[in-house]
Amino acid sequence: MSDTLPDPLTHAEWTAALRDRRLLGQRCGACGNETAAPKAACNECGSREIETVELPTEGTVYTVTTIAVAPAAFEGGYRVAVIDLGTEGNARVTARLEADCDAEISDTVAFSDVLEVDEPVPVFG
């Protein structure tokens, strides 16, 4: 992927960036809210003044859970967390935690891998 940021950010470009180990998101020009996935409009104020931004690859665990009874394609016992990326616009990403990662709420984690299922999923540890 080139260093230029796609505008607008599409789902295909977002997943391609994940595969390149980059986290892309969007920032609202009207209210400053940031998201870690493509949207057509700001989910806070509804503005369509959205720009693509490169997000940090390190953050803190905002919430975490263990998936004990997993969907058919997975084995249970994996952990999923919402990671607060520490941006002014409060960007957060839902991610899988590495198998050996025992992070809890407020622990620092970093984007470390991509799990390929039907589409790429960010993995933090």
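Some notes on this structure:
- Sorting Ser106, Ser112 on solvent-accessible area from highest to lowest, probe radius 1.4 Å, gives Ser106, Ser112.
- Computed accessible area, Glu54, all protein chains, 1.4 angstrom probe, square angstrom: 90 Å²
- Annotation for Val117 and Arg48: the two label points, set 7 Å from Cα along the Cα-Cβ direction, are 3.2 nm apart.
- Applying 1/(1 + (r/R0)^6) with r as the Cβ-Cβ distance of Glu75 and Lys39 and R0 = 22 angstrom yields a FRET efficiency of 0.10.
- Largest to smallest accessible area among Ile67, Ile105 [probe 1.4 Å]: Ile105, Ile67
- Largest GNM mean-square fluctuation among Pro56, Pro71, Pro38, using the chain with Cα springs under 10 Å: Pro71.
- Charge context of Tyr78, other residues only, Cβ under 10 angstrom, K/R +1, D/E -1: 0
- P(r), alpha carbons of the stretch 1-105 - 5 Å bins starting at zero, rounded %: 2, 12, 20, 19, 18, 14, 9, 4, 1
- Within-13-Å neighbourhood charge of Ile67 [Cβ basis; K, R +1; D, E -1]: +1
- Taking the chain as a Gaussian network of alpha-carbon nodes connected by springs under 10 Å, the highest mean-square fluctuation of the residues Arg79, Arg48, Arg92 belongs to Arg48.
- The order of Phe111, Phe124, Phe74 by accessible area, most exposed first and with a 1.4 Å probe, is Phe74, Phe111, Phe124.
- All other residues whose Cβ lies under 15 angstrom from that of Asp100 are scored, Lys and Arg at +1 and Asp and Glu at -1, for a net of -3.
- The helix-only estimate of mean residue ellipticity at 222 nm for the chain, built from DSSP H runs of length n ≥ 4 each weighted as -39500 (n - 2.57), is -2000 deg cm²/dmol after division by the residue total.
The values are calculated or read from the model by the stated rules, or taken from the named source; none is laboratory data. The shown structure was predicted, so the numbers you read here are calculated from the model rather than taken from an experiment. When we count neighbours, we look across all protein chains shown, and the Cβ atoms used for this are built from the backbone with ideal geometry, even at glycine. For accessibility, only protein heavy atoms count, side chains too; no ligands or nucleic acids. Shrake-Rupley method; radii C 1.70, N 1.55, O 1.52, S 1.80 Å.
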